[in-house]
Amino acid sequence: MSVAHGIKRLGVLGAGQMGLGIAFVSAVHARVPVLINDHSPDQIKRGFALFDKLLAKDVAKGKMTQTEAKEARDRVQAVESIAKMRDVDMCVEAVSEHFPLKSSLFSSLSTHLRPDAILASNTSSISITKIAAAAVGEGVDAKSSVASKSAERAVGIHFFNPVPVMKLVELISGLQTSPNVLDRARAFAIACGKEVTTSKDVPGFVSNALLMPFINEAIMCLEKGIASRDDIDKTLKLGMNHPMGPLTLADFIGLDTCLAIQRTLYEGTSDSKYRPSILLERMVDAGWHGKKSGRGFYEYPTS
Ligand code: 3HC
């Protein structure tokens, strides 16, 4: 028997490419009101500009009417703090892949949200059990019912970039996640128009435990001079029918994000096959974070 998601109002933390995409599919496909928060007012402004652009594109393509686009836009509202999310039924954290940031947000969510609200993370690689432990909050006895309730309602809901296009959501069940919370998260992802897979809570889950060594190996090929940037990408694009070569894909995901995920894989497994390439480390040191920063393996002129 399928479970209803019961999400009448959603919270999203982070208005970057992932948070904005999650807000978009929630408002357009699941038709759920969304409250979105980001510490940067500029990021919120950029996020809404992109949201409007995506809606206008869908209207132009005949995928939705002008009225439907306006209704979807009206469903999304920016709020200045987590405290304003008190009435949401689920909040998806979609901030950068940095454990201290995610854990402090989860702790804040567990304080401000209703005790039955789902605490979801769009983490790409960090343990949902570990993030859930942070939701317990300081000063709460880990054996208390407050602590176990917080851990039971935490779940990983991993969307893929670009969220409006990619068909998958990977769900991650932490050690203490309740089956009902997992079922409701699954029902919500389906309402957003996605297909769902489930992974155990291991570093990188299924998706990034497979994708990141592939990207890293491509970077090492470049580092060792085995082939040029263009030939590495062309080999995978034309030889294996990948929509993007691995170096283009790394730029698209963000080199800082790729490095953060690779470090989580390496540190979480101590397996040398996950060691990030030195070239990737240096590029991130240089501020070459891929498409979003204007330079990665390729250059992206802003205009
Ligand atoms: N946002 C919304 N829609 C977008 C978009 C974006 N950023 N980029 C492209 N699209 C839409 C276009 O509007 C178009 O829609 P249509 O079919 O309705 O006309 C459709 O996608 C195809 O776009 P284009 O024709 O412009 O370009 P391509 O055919 O080259 O497709 C792509 C672009 C979909 C990005 C394709 O290159 C692709 O699938 N690349 C691989 C992406 C991928 O692997 N993503 C996963 C990254 S890993 C991840 O996210 C996990 C994390 O944990 C790291």
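Observations on the model:
- Here PHE205, PHE188, PHE252, PHE214 are placed in order of increasing Cβ neighbour count within 10 Å, fewest first, which gives PHE214, PHE252, PHE205, PHE188.
- Under the Karplus curve 6.51 cos²θ - 1.76 cosθ + 1.60, θ = phi - 60°, whole-Hz ³J(HN,Hα) for segment 199-205, x wherever Gly or Pro sits: 10, 6, 7, 10, x, x, 6
- Short-range pairs are left out: with C-alpha atoms under 8 Å and at least six residues apart, the relative contact order of the chain is 15 percent.
- Cα centre as origin, Lys/Arg/Asp/Glu Cβ charges: the chain dipole, Debye: 620
- Inter-probe distance in nm under a simple model that places probes 7 Å from Cα toward Cβ, at ALA286 and ASN180: 5.4
- Separation of segment 169-220 from segment 264-283 is 20 Å, based on Cα centroids.
- Whole-Hz ³J(HN,Hα) from phi, Karplus 6.51 cos²θ - 1.76 cosθ + 1.60, for segment 61-68, glycine and proline x: 7, x, 7, 8, 7, 4, 5, 4
- Cα extents for segment 1-146 along the principal axes, largest to smallest and rounded to whole angstrom: 54, 40, 27.
- Summing charges over neighbours of HIS242, with a neighbour being any other residue whose Cβ is under 11 Å away from its Cβ, gives +1 when K and R count +1 and D and E count -1.
- Between the amide H of THR198 and those of LEU171, distances stay under 5 Å, these residues lying 5 or more places away or on another chain, with hydrogens modeled in the peptide plane.
- 22 Å Cα-Cα threshold exceeded, pairs from LYS70/LYS167; LYS45/LYS70; LYS167/LYS237; LYS84/LYS291: LYS70/LYS167; LYS84/LYS291
- Net charge over other residues, Cβ less than 13 angstrom from the Cβ of ASP201 (K, R count +1; D, E count -1): +1
- Beta-bridge orientation, the chain: approximately 20 percent antiparallel, per DSSP, counting only bridges with both partners inside.
- Net charge, LEU168 excluded, C-beta distance under 10 Å - Lys, Arg +1, Asp, Glu -1: 0
- Per-residue Cβ neighbour rank within 10 angstrom, fewest leading, LYS45, LYS130: LYS45, LYS130
- Taking the number of Cβ atoms within 10 Å of each Cβ as an exposure proxy, the fewest-first ranking of VAL12, VAL59 is VAL59, VAL12.
- Here segment 207-292 is treated with +1 on each Lys and Arg Cβ and -1 on each Asp and Glu Cβ, and its dipole about the Cα centre works out to around 100 debye.
- Taking every alpha-carbon pair under 8 Å whose residues sit at least 6 apart, segment 147-228 reaches a relative contact order of 25 percent.
- Under DSSP loop assignment and at most 16 Cβ neighbours within 10 Å, longest GluC sites (Glu not before Pro)-free interval of the chain: 139-303
- Debye intensity ratio in log₁₀ form over the Cα atoms of the chain, taken at each q of 0.17 Å⁻¹: -1.47
- Binning the alpha carbon pair distances of segment 207-292 at 5 angstrom intervals from zero yields the distribution 3, 16, 26, 27, 19, 8, 2, expressed in whole percent.
A short reminder: the numbers here are calculations on the coordinates, not readings from a lab. The structure presented is a predicted model; accordingly, all values stated were derived computationally and were not measured. Virtual Cβ from ideal backbone geometry, glycine too; neighbours counted across all protein chains shown.
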